[in-house]
Each structure stands twice: as structure tokens, then as C-alpha cells.
1. How many of the residues in region 25-37 are over 21 Å from residue 72 (Cα atoms) and under 13 Å from the mean Cα position of the chain (by Cα)?
2. Of all helices (runs of 4 or more DSSP H) completely enclosed by region 1-67, which ones contain at least 3 residues that are surrounded by fewer than 14 Cβ atoms within 10 Å (Cβ to Cβ)?
3. In this structure, is residue 76 among the polar types (S, T, N, Q) and at pLDDT below 90?
4. Looking at region 1-24 only, could you name the residues that are of a type outside the set (A, V, I, L, M) and over 27 Å from residue 78 (Cα atoms)?
5. In region 38-59, which residues are in contact with an Asp or Glu (Cβ under 9 Å, 6 or more places away or on another chain) and under 23 Å from residue 75 (Cα atoms)?
Amino acid sequence: MRLYLDSCVLIYALDGAEQLRRHTLQRLEGYADSDWVISDLVRMECLVGPLRTADQIRLLAFRSFFSNCSVVPLHSEVMERAGGAAGRHPTADSGCDPSGCCLALGLRCAAHQ
């Protein structure tokens, strides 16, 4: 099974508060046999904090995790689907739901298995 990981999942797992980190890691262990998939957007979002603070240990942790993931491109088709999903399901605070990108990418990954 291919499992698309959003940046928030990885940030919780590698950089979250202790209880949240433990819970997220336990959930990910249940998918250890999956093909973990990320996009360059996820990679960028995860690296913002460690790059901002020049934290080499956190950078290494994320990059090490990324080395065990497949990377899929964000084609214009994916971004179109994401925009459509965000338009149909806006959040109350921003009017846009970035997880639409995750949904669209997940659908694309599922279609190409």
C-alpha cells in the first residue's frame, strides 16, 4: 500500500511535543510495510523550522526520514484537483484547505499503483 504523508504528520512524528510525537510514531508503526510517499512540498514544509533555526540535528532527522520515502511530483493536474477540493471544502478561518493538495496527490498515487 502507498501511504501519502502530509507535512503535519512528519512534523508531529519528528518534532512534536513528547506525547504527540509518541502517538504519531505509534500510528506510523502500523504502516511500516507501506510505501511512504511525500512530495517536494512536504519536504519543504518540514524543513522550514530546522532551516530557520539552523538546527542540524533536526535537519538530519528529517532528511534521514525522507530517504525512506518515495517522492512524487506535484503536476498541474494535482494542483487543479487540490484547488477544486479546497474550493468545495474551505476551512472557516482561511477559506482554503491545503490538505486538498494531499487528497489530490493521494488520488493520483492510487491511480498509478
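The values are calculated or read from the model by the stated rules, or taken from the named source; none is laboratory data. Owing to the predicted nature of the structure, the values given are computational and were not obtained by experimental measurement. Don't worry about glycine lacking a Cβ; one is built from the backbone with ideal geometry, like all the others, and counts go over all protein chains shown.
1. 0
2. By residue number, 18-29, 40-52, 56-66.
3. Yes: the conditions hold for residue 76.
4. Those that are of a type outside the set (A, V, I, L, M) and over 27 Å from residue 78 (Cα atoms): 15, 16, 18, 19, 21, 22, 23.
5. 38, 42, 45, 46
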